[in-house]
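The values are calculated or read from the model by the stated rules, or taken from the named source; none is laboratory data. Keep in mind the model is a prediction, meaning the values are calculated, not measured. Heads up, the Cβs are rebuilt from the backbone with ideal geometry, glycines too, and the neighbour counts pull from every protein chain shown.
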Amino acid sequence: MTEPADKRDQRRTQILAAAKNVFAERGFHQASINDIIKRADIARGTFYLYFAGKDAVFESILDNAIDDLRGRIKPVQVGDGAQPPGVQLHENVTRVLVYVLGDRDLIQLVLNHGLGPDSPLSQRVDAFFAHVSDLIEASLRYGMEMKLVRECDAELVSQAALGSLRGAVRHLIRQDKPLDIPEIAKQLIDFALRGVVVPDRW
């Protein structure tokens with residue numbers, strides 16, 4: 001008898017969560033399918049009903065993360081009834097940070113994946129960050145079209161923004177104290193929009 005679709009989705013999510021935890025804890029190369037099976041509390045045959053192996057699980061984790069990030073970024077609206085653009089931007093950045101900082105296993109996986117530079121999976125991680133950069137670049141181009149962002153080299157600036165974000169997240173996940181995510185979002189936006197100088201002093 002075939003499992004209902006919602007049950008299959010739940011099982012797949014269970015395997016992905018277990019794999020992400022194992023990869024973050026042990027590193028991709030040290031982790032085994034047996035580790036994932038034990039963490040997910042499933043039979044080996046069940047694992048292979050959903051995934052061909054470790055590589056397939058790893059790619060699914062990254063694909064899901066991109067989809068989740070896309071779902072948290074809303075186009076800034078202008079016109080009657082719309083919140084000020086700065087408020088909408090703050091909401092977008094806060095949603096992204098809540099997701100990213102709330103999933104330490106994902107961050108450990110993509111920032112400290114420990115794969116060789118020529119590994120296909122290392123290339124897959126690079127592709128993940130290329131997707132994130134594309135999201136930032138698309139937002140910049142949209143902002144320029146809406147006359148909310150000054151004319152700039154969107155490709156270059158998106159890479160700079162991504163580098164800053166990766167550094168900030170790497171710093172934040174090492175903190176033991178509770179994180180004030182709305183305030184962190186404000187600080188990152190202020191840096192992105194205004195830099196660090198006092199304008200009338202330059």
Check: Regarding Leu162, is this residue surrounded by 10 or more Cβ atoms within 10 Å (Cβ to Cβ), assigned to a helix (DSSP H, G or I), in contact with a helix residue (DSSP H, G or I) (Cβ under 8 Å, 6 or more places away or on another chain) and free of Cβ contacts under 8 Å to residues at least 60 places away in the same chain?
Finding: yes
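Listed here are the residues, each with its yes/no results for (1) of a type in the set (Val, Ile, Thr); (2) modelled with pLDDT under 90; (3) buried (at least 18 other Cβ atoms within 10 Å of the Cβ); (4) more than 21 Å from Ala17 (Cα to Cα).
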residue: Pro84; (1), (2), (3), (4): no, no, no, yes
residue: Val93; (1), (2), (3), (4): yes, no, yes, yes
residue: Leu106; (1), (2), (3), (4): no, yes, yes, no
residue: Val110; (1), (2), (3), (4): yes, yes, yes, no
Check: Given (1) free of Cβ contacts under 8 Å to residues at least 12 places away in the same chain; (2) exposed (fewer than 13 other Cβ atoms within 10 Å of the Cβ); (3) over 20 Å from the mean Cα position of the chain (by Cα), where does Asp67 come up short, assuming only one miss?
Finding: (3)
Check: In the stretch 26-54, what residues are under 18 Å from Leu111 (Cα atoms), loosely packed, with under 14 Cβ neighbours inside 10 Å and not polar (S, T, N, Q)?
Finding: Arg26
Notebook entry, point to check: Which fully enclosed helices (runs of 4 or more DSSP H) of the stretch 1-118 have 2 or more residues being over 22 Å from Leu165 (Cα atoms) and of a type in the set (A, V, I, L, M)?
Noted result: 5-26, 33-40, 54-72
